[in-house]
Amino acid sequence: MHYDVIVIGGSYAGMAAALQLVRARRAVLVIDAGERRNRFASHSHGFLGQDGVPPSEIAASARRQLDAYPTLTWLEGRVEAVTGRADEFTVATSDGGSHHGRRILLATGVADQLPAVEGLAERWGKSIFHCPYCHGYELGQGRIGIVGCSPISIHQAELLTDWGSVTLLVNAAVDLSQEDGAALERRGVTIEESPIVRIEGHADVAMADGRLLRFAGLFTATRTSPSGSLAEAMGCALEEMPMGIQVRTDAESKTTVTGVFACGDVARAPHSVSLAVGNGAMAGAQVHRSLLWPETIAPTHAVGRVR
């Protein structure tokens with residue numbers, strides 16, 4: 001079968017895009033590896049109509065709604081390569097399959113590169129987070145620790161003061177200028193210079209000087225990059241952003257490769273479920289537009305790698 005659109009990635013952005021396309025009665029194939037970024041979190045917050053619902057339930061409900069459309073095909077698997085050109089793409093999957101489509105929409109999401117702190121990875125999404133709008137309220141205005149990892153940690157510490165009493169754990173990873181220190185002090189942020197030994201318990205931080213600092217929750221600013229190397233292998237330009245690397249897109253979700261679009265966390269920041277859904281819905285509409293008016297398919301930005 002030759003699909004109108006092949007969506008690579010079936011999480012929130014990918015499903016939102018697919019919904020717009022199947023409602024336009026287009027033949028859509030979604031290929032999903034089943035690795036949602038927020039799979040470690042027990043509940044999702046800040047998403048209107050789904051506040052406090054487990055991420056797995058949101059995804060399952062969305063999938064059921066998509067399955068009601070006869071032009072949708074869903075394949076659980078992993079994409080190995082994409083070749084060809086607009087209107088004649090071929091997608092090879094890990095099971096040896098070969099699938100053909102007119103447009104490609106990348107909704108593969110991103111991978112989080114966590115700070116190398118003992119005990120952090122095991123608590124990621126449970127008591128250690130990156131988004132205050134998603135998880136800050138549930139901490140009940142308790143003590144919040146910021147595990148320093150980059151200059152963004154300074155901004156994160158200032159921002160989180162609306163959710164509780166904040167301590168910035170510098171951990172030899174953040175260079176604070178006098179101006180930075182003064183700004184943090186004005187916001188009531190406590191600065192801890194002693195290195196972190198490990199994180200234990202719920203969100204307790206063992207410091208190199210022997211103290212154990214207890215927090216209601218911890219935040220850190222992860223560095224992100226596209227999940228897998230597919231976009232780069234296809235020739236899509238990547239760009240360096242404050243939070244990491246993302247696929248370069250224009251205002252119409254087009255990548256630098258004609259006929260290839262991208263949406264969700266892999267193509268935009270900041271990251272949250274609600275923002276991914278909104279961006280995915282818009283991307284789906286833009287892909288549909290390119291099918292109706294092929295003369296609009298060319299990217300509007302300069303072609304070439306940013307990095």
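The values are calculated or read from the model by the stated rules, or taken from the named source; none is laboratory data. Treat the numbers as computed from the prediction; the structure is a model and nothing was measured. FYI the Cβ positions are ideal-geometry reconstructions off the backbone, even for glycines, and counts take in every protein chain you see.
Answer yes or no as to whether residue 42 is within 18 Å of the chain's Cα centre (by Cα), outside any loop (DSSP other than H, G, I, E, B), of a type in the set (Ser, Thr, Tyr) and closer than 20 Å to residue 130 by Cα.
So residue 42 does not fit the description; no.
Across the stretch 214-256, what is the number of residues that are assigned to a strand (DSSP E or B) and either in contact with a Ser or Thr (Cβ under 9 Å, 6 or more places away or on another chain) or under 30 Å from residue 141 (Cα atoms) (or both)?
Number satisfying all stated conditions: 15.
Condition test on residue 212, is it without any contact (Cβ under 8 Å) to a residue 40 or more places away in the chain, surrounded by fewer than 22 Cβ atoms within 10 Å (Cβ to Cβ) and touching a helix residue (DSSP H, G or I) at 6+ places or on another chain (Cβ under 9 Å)?
Details: without any contact (Cβ under 8 Å) to a residue 40 or more places away in the chain: yes; surrounded by fewer than 22 Cβ atoms within 10 Å (Cβ to Cβ): yes; touching a helix residue (DSSP H, G or I) at 6+ places or on another chain (Cβ under 9 Å): no.
For residue 212, the condition - without any contact (Cβ under 8 Å) to a residue 40 or more places away in the chain, surrounded by fewer than 22 Cβ atoms within 10 Å (Cβ to Cβ) and touching a helix residue (DSSP H, G or I) at 6+ places or on another chain (Cβ under 9 Å) - is not met.
Just one of (1) assigned by TED's automatic domain parsing to the domain that holds residue 151; (2) among the charged types (D, E, K, R); (3) under 17 Å from the mean Cα position of the chain (by Cα) trips up residue 248, so point out which.
(1)
Could you please let me know if residue 22 is of a type in the set (A, V, I, L, M, F, W, C) and in contact (Cβ under 8 Å) with a residue 40 or more places away in the chain?
Judged against the criteria, residue 22 is a match.
Please return the ranges of strands (runs of 3 or more DSSP E) entirely within the stretch 114-204 where 3 or more residues are under 27 Å from residue 45 (Cα atoms). Spell out the reasoning first.
Details: elements: 143-147, 165-169, 190-192, 196-200.
By residue number, 143-147, 165-169.
Given the criterion crowded, with 20+ Cβ neighbours inside 10 Å and either among the aliphatic types (A, V, I, L, M) or more than 26 Å from residue 237 (Cβ to Cβ) (or both), identify the matching residue among 81, 59, 68.
The conditions single out 59.
Of everything in the stretch 45-66, what is among the acidic types (Asp, Glu) and part of a helix (DSSP H, G or I)? Give them in sequence order.
Answer for the stretch 45-66, where residues must be among the acidic types (Asp, Glu) and part of a helix (DSSP H, G or I): just 57.
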